[in-house]
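S.K.: Here it is: the structure, laid out below.
No lab work stands behind these numbers, since they all come straight from the coordinates. Everything numeric here is computed off the predicted structure, so don't read it as measured data. As a convention, Cβ positions derive from the backbone with ideal geometry for all residues, glycine included, and neighbour counts pool all protein chains shown.
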Amino acid sequence: MISIGLENELNRLCDEQPFHTGWYVKNLRTGTVLERHGSIVVPSASTRKIAIMMAALKAVNEGELSLSQPVTMASRFKNNDSGCFQHLRSDFVIQLQDALVMMIIVSDNTCTGAVADLVGLEAINALCQSIGMEDTVHRYGIPPAGMAGYLPADKTNSTTPADVALLLEIILGGVGDEKSAGLLGCTSELCQLAIDILSWQRLRNRIPARLPLGTKVAHKTGTTAKNYNDAGIVYTDDVPLFLISAYTDNVPADLPTGDPGHTVAYDLTARLSRLCWDEFLQ
């Protein structure tokens, strides 16, 4: 049964803000889906790294790559403004699995560039299309303007809240079902690795921010100068409770209230998540 009260309250919070907010929510206990602008295309920012990770794991499963193979953090991948490795000396080597971890948990763009270069944009886009992410496009591996820049959806990597929710749901389903894992060209073991990596996320200022301390959330954020996104799976007692994919666009630097736009966008997603938590735990 769809909770009209929850949907109205989620929409009320979004209507209060002078910027675009789209979201897709699924109660994983009941299958109930709620959405607001869930099919509107927006800049994906670093939430795109979920698909890059899965394309890499597909290549591992198919024998094209190995989780233990060396990956060089070349200087050409350091034209970015996200993560840690941009500040380190160039040309050091780590294993692919470690590059995937850093790409997700601190959104490291040096690792992202290296992994995307290994996998290839064609393979990343092909994976997305194969599972039905029809409105998702990966146009480049490293954002040309860096994290601080902004490009409209038709000029940058783009997606929809519903598309990213679909990807997360398939990954989650793949953990316990080889057939679902096969949709991604992976095994259940590799899907579990993906969920583990997402749950190690260090950037917890959106979906988890208003949840009880220590709540497990397998998620990935995405940030530009006008986008503050987050998409993930929220757990209770290590059991998936709900999925939420929230995207903001054209967030101003400062709101009429004087509050910085990014802090309001962060807290909006946190409030949306908390409302879902309170409703779905009942």
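S.K.: Test of understanding: in a Gaussian network model of the chain with alpha carbons linked when under 10 Å, which of R12, R210, R271 would top the mean-square fluctuation ranking?
M.R.: Result for the chain, Cα springs under 10 Å: R12 fluctuates most.
S.K.: Through the Karplus equation 6.51 cos²θ - 1.76 cosθ + 1.60, θ set to phi - 60°, convert the phi angles of segment 193-208 into ³J(HN,Hα) values in whole Hz; use x for Gly and Pro.
M.R.: 4, 4, 4, 4, 4, 4, 6, 7, 3, 8, 8, 10, 9, 10, 3, x
S.K.: With +1 on the Cβ of every Lys and Arg and -1 on the Cβ of every Asp and Glu, and nothing else charged, how large is the dipole of the chain about its Cα centre, in debye rounded to the nearest 20?
M.R.: Computed about the Cα centre, the dipole is about 460 debye.
S.K.: Return Y228, Y24 ranked ascending by Cβ neighbour count within 10 Å, so the fewest neighbours appear first.
M.R.: Listing Y228, Y24 from fewest to most nearby Cβ atoms yields Y24, Y228.
S.K.: What shape does the chain have by the C-alpha gyration tensor, where a ≥ b ≥ c are the square roots of the eigenvalues, rounded means a/c under 1.5, and otherwise prolate means a/b greater than b/c and oblate the rest?
M.R.: Oblate, since a/c reaches 1.5 and b/c is not below a/b.
S.K.: Charges on Cβ only, +1 for Lys and Arg, -1 for Asp and Glu, centred on the Cα centroid of segment 114-231; of S188, M133, L198, which one is farthest towards the dipole's positive end?
M.R.: Selected residue: L198.
S.K.: Can you tell me the orientation of helix 121-130 relative to the chain, as the angle in degrees between its alpha-carbon axis and the longest Cα principal axis, to the nearest 10?
M.R.: The helix 121-130 is inclined about 50 degrees to the chain.
S.K.: OK, next. Name the residue, out of V164, V137, V60, whose mean-square fluctuation peaks in a Gaussian network model built on the chain with Cα pairs under 10 Å.
M.R.: Of V164, V137, V60, the Gaussian network model singles out V60 as fluctuating most.
S.K.: For the chain, what does the helix formula give at 222 nm: sum of -39500 (n - 2.57) over DSSP H segments with n ≥ 4, over the residue count, nearest 500 deg cm²/dmol?
M.R.: Estimated from H runs of four or more residues: -12000 deg cm²/dmol.
S.K.: If you look for lysine pairs in segment 4-280 that are eight or more places apart or on different chains, how many of them have Cα atoms under 16 Å apart?
M.R.: Total qualifying Lys-Lys pairs in segment 4-280 comes to 4.
S.K.: Shifting gears a bit: For the chain, set up a GNM with springs between Cα atoms under 10 Å and report which of T110, T21, T263 has the largest fluctuation.
M.R.: The residue that fluctuates most here is T263.
S.K.: Next question. Against the longest alpha carbon principal axis of the chain, how many degrees, from 0 to 90 and to the nearest 10, is the axis of helix 96-105 turned?
M.R.: 20 degrees
S.K.: I need K155, K179, K26 ordered by Cβ neighbour count within 10 Å, fewest first.
M.R.: By the 10 Å Cβ count, ascending, the order reads K179, K155, K26.
S.K.: Would you mind checking the tilt of helix 49-61 against the longest principal axis of the Cα atoms of the chain, expressed as 0 to 90 degrees and rounded to 10?
M.R.: Taking the Cα atoms of the chain, the angle to 49-61 is about 40 degrees.
S.K.: What translational diffusion coefficient, to the nearest whole µm²/s, does segment 54-161 have by Stokes-Einstein, given a Kirkwood radius computed over alpha-carbon pairs, a temperature of 20 °C and 1.002 mPa s viscosity?
M.R.: Roughly 149 µm²/s, to the nearest whole number.
S.K.: Using a 10 Å cut-off around each Cβ, can you sort R89, R204, R36 from fewest to most neighbouring Cβ atoms?
M.R.: R89, R204, R36
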